[in-house]
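**Student:** Okay, handing you the structure first.
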Number of protein chains: 2
Amino acid sequence: MIMEKLASNRIFGGEQCRYKHKSQTLSCEMHFSVYLPPQVQGGKQPVLYWLSGLTGTDENFVIKAGAQRVAAELGLIIVTADTSPRGDEVPDDPDHDYDFGLGAGFYVNATEEPWKEHYQMYDYITKELPALINANFPADETRQSIFGHSMGGHGALTIALKNPDKYRSVSAFAPIVSPIKCPWGAKAFNQYLGEDMAPWKEYDSVYLLSQAKKHIPMLIDQGTEDEFLENQLKPHLLLEVADEVDYPLQYNDREGYDHSYFFIASFVENHLRFHHKVLEEES
Amino acid sequence: MIMEKLASNRIFGGEQCRYKHKSQTLSCEMHFSVYLPPQVQGGKQPVLYWLSGLTGTDENFVIKAGAQRVAAELGLIIVTADTSPRGDEVPDDPDHDYDFGLGAGFYVNATEEPWKEHYQMYDYITKELPALINANFPADETRQSIFGHSMGGHGALTIALKNPDKYRSVSAFAPIVSPIKCPWGAKAFNQYLGEDMAPWKEYDSVYLLSQAKKHIPMLIDQGTEDEFLENQLKPHLLLEVADEVDYPLQYNDREGYDHSYFFIASFVENHLRFHHKVLEEES
């Protein structure tokens, strides 16, 4: 696998770097970013994967979340991924809406034309990207966790629930918890997965959590003034099922916070410490 | 004075907000941002003014520096200003270079045509903006300090050195310390202030520091891998004069850091604690 380093900046004693590579899974060129904490000088460190929300790229979290400070303290590698396949050859929403197509891959494997050639974000995030990271960085592949925001929170939750042996913990800021029951998800799944709704539930956190055989620690933060809370995010749907099946979900309503990175920045330290605690435990 | 609130986001228990107003000094509409820490609920708090570098606006620091966390802990209001007058009526560099005209006001009062009508950033930062802040926010006008980055570091240093009774402390990341001896400064001063170099020294930190009657605490951080270090920033010029006149300058070389906000984010906590300590002392 070939990759090219595009940027490197020292921050909090570690290195924030950015790469591009040709993705076999997505049939296009992709960017990702990696924060290497100072502790990598001493050997392999655990890895946190971050998934951004609609319109995001690998860079939003790097620039806006302020996570490197705590990652440098705890010795966590943070890998941030893009939100969809990219490039002129990748089909986009005909109306170029922000909530479908480029910037809105929803972390699924599309089964429908014209999307399925490129929109295989589930396989990219769970297989190709970790393989690339593990082969090229001092990442301890036995210790990885995943987190994300909004659509990326949906991605993190579904990916962790489907792969509880690959990820030790999962967290989300303002996640879409049930794409099959919100307009964003319905629009995307209808096109990526087809009109038959039966396969949709395989990418629905509420359904997946109800079926989970192995329970890994889960943390969710949700701002009470989030503009998408009622219509799109609907965290109560997940809370109800978690309660029914006694899932270890820590959920925090954050009074007065909205959907922005100002909210994420305020609580990202809690998320990193949550994951670090789990990742430091003996497996 | 009329101003309009454009945005408000909760972050670290405080409020990050953005405003626009009609500037009398600059004869145009300007934007600025204010972080109000939670402590403003209990009364007036000290104020830190931030000045950004070339191409910056009032928003770079807000989004990228991660300062709100420490400001919320210490109870500091942070006001971030734009870097030049703005608007279609404001003349720009004919070549639209990044280092002159819009986004590059250099915090001086221009004396030459066609710049002098709008480019009065020194008066805007030292008079109009503080008056607006003090009249509309819970700011303790007896306790204010100033800091900035690159061109904004030059702005902070010159403004503090010229107004040691208005600002209690000053700090800078990678400042231009002697605009009269670097290409960026020479280009800008030649046009804003005219070909006669005599008036230039009134905006030159090295000269101003050599003449300073009142010494206020000063902190400078400089990355050793800064791409502008040798040709534009030249901190040794300031260090030499500070040594000669025994100025209380704390200077830190930061090994491996560059000119970016990744550098600023890494050390902004030190700067806020530096200012806070001074601002908490009895005057």
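The values are calculated or read from the model by the stated rules, or taken from the named source; none is laboratory data. Here the structure is a predicted model, which is why all the values come from computation and not from measurement. We place every Cβ from the backbone using ideal geometry, glycine too, and count neighbours over all the protein chains shown. Calculation scope for accessible area: heavy atoms of the full protein, side chains included, ligands and nucleic acids excluded. Shrake-Rupley method; radii C 1.70, N 1.55, O 1.52, S 1.80 Å.
**Student:** Take B:Trp115 and decide whether it is open to solvent by 10 Å² or more (accessible area, probe 1.4 Å) and in contact (Cβ under 8 Å) with a residue 60 or more places away in the chain. Full working, then the answer.
**Tutor:** On the way: open to solvent by 10 Å² or more (accessible area, probe 1.4 Å): yes; in contact (Cβ under 8 Å) with a residue 60 or more places away in the chain: yes.
Answer is yes for this residue.
**Student:** Pairs under 8 Å by beta carbon, first residue farther than 25 Å from B:Gly103 by Cα and charged (D, E, K, R) in segment B:121-144, partner at pLDDT below 95 and surrounded by fewer than 21 Cβ atoms within 10 Å (Cβ to Cβ), six or more apart or different chains?
**Tutor:** Taking only residues 6 or more apart or on different chains, the pairs are B:Arg143/B:Ser283.
**Student:** If you don't mind, another one. Whether any residue in segment A:46-58 is of a type outside the set (Ser, Thr, Tyr), under 15 Å from A:Ala7 (Cβ atoms) and either open to solvent by 30 Å² or more (accessible area, probe 1.4 Å) or away from chain B (no Cβ under 14 Å) (or both) is what I want to check.
**Tutor:** Step one: list which residues in segment A:46-58 are of a type outside the set (Ser, Thr, Tyr), which gives A:46-48, A:50-51, A:53-54, A:56, A:58.
Checking the rest, the ones that are also under 15 Å from A:Ala7 (Cβ atoms) come to A:58.
From what's left, either open to solvent by 30 Å² or more (accessible area, probe 1.4 Å) or away from chain B (no Cβ under 14 Å) (or both): A:58.
Checked segment A:46-58: at least one residue is of a type outside the set (Ser, Thr, Tyr), under 15 Å from A:Ala7 (Cβ atoms) and either open to solvent by 30 Å² or more (accessible area, probe 1.4 Å) or away from chain B (no Cβ under 14 Å) (or both).
**Student:** Confirm whether B:Phe106 is crowded, with 20+ Cβ neighbours inside 10 Å, out of contact with any Phe, Trp or Tyr (no Cβ under 6 Å at 6 or more places or on another chain) and within 22 Å of B:Glu29 (Cβ to Cβ). Working first, answer last.
**Tutor:** Numbers: crowded, with 20+ Cβ neighbours inside 10 Å: yes; out of contact with any Phe, Trp or Tyr (no Cβ under 6 Å at 6 or more places or on another chain): yes; within 22 Å of B:Glu29 (Cβ to Cβ): yes.
Yes.
**Student:** Considering each residue of segment A:203-242, count those that are under 30 Å from B:Ser8 (Cα atoms), over 20 Å from the mean Cα position of the chain (by Cα) and not in a helix (DSSP H, G or I), and give that number.
**Tutor:** 3
**Student:** So, in segment A:8-30, how many residues would count as being under 19 Å from A:Arg69 (Cα atoms), out of contact with any Gly (no Cβ under 7 Å at 6 or more places or on another chain) and open to solvent by 20 Å² or more (accessible area, probe 1.4 Å)?
**Tutor:** Of the residues in segment A:8-30, 6 are under 19 Å from A:Arg69 (Cα atoms), out of contact with any Gly (no Cβ under 7 Å at 6 or more places or on another chain) and open to solvent by 20 Å² or more (accessible area, probe 1.4 Å).
**Student:** Against the definition (over 10 Å from the mean Cα position of the chain (by Cα) and surrounded by fewer than 16 Cβ atoms within 10 Å (Cβ to Cβ)), how does A:Glu128 come out, yes or no?
**Tutor:** Details: over 10 Å from the mean Cα position of the chain (by Cα): yes; surrounded by fewer than 16 Cβ atoms within 10 Å (Cβ to Cβ): no.
Judged against the criteria, A:Glu128 is not a match.
**Student:** Show the residue pairs meeting these rules: Cβ distance below 7 Å; 6+ apart or different chains; first residue within segment A:262-280 and in contact (Cβ under 8 Å) with a residue 12 or more places away in the chain and within 14 Å of chain B (Cβ to nearest Cβ); second residue among the small types (Gly, Ala, Ser) and assigned to a helix (DSSP H, G or I).
**Tutor:** A:Leu272/A:Ala71
**Student:** Under the condition of being among the aliphatic types (A, V, I, L, M) and open to solvent by 30 Å² or more (accessible area, probe 1.4 Å), which residue from segment B:238-283 is nearest to B:Ile78 (Cα to Cα)?
**Tutor:** Quick first cut of segment B:238-283, residues among the aliphatic types (A, V, I, L, M) only: B:238-239, B:241-242, B:245, B:249, B:264-265, B:268, B:272, B:278-279.
Adding the requirement that they be open to solvent by 30 Å² or more (accessible area, probe 1.4 Å) leaves B:239, B:245, B:249.
Values: B:Leu239: 28, B:Val245: 31, B:Leu249: 23 Å.
Top of the filtered list is B:Leu249.
**Student:** Could you run through segment A:60-102 and say how many residues are within 14 Å of chain B (Cβ to nearest Cβ), closer than 13 Å to A:Gly14 by Cβ, out of contact with any Leu (no Cβ under 7 Å at 6 or more places or on another chain) and not basic (Lys, Arg)?
**Tutor:** 4
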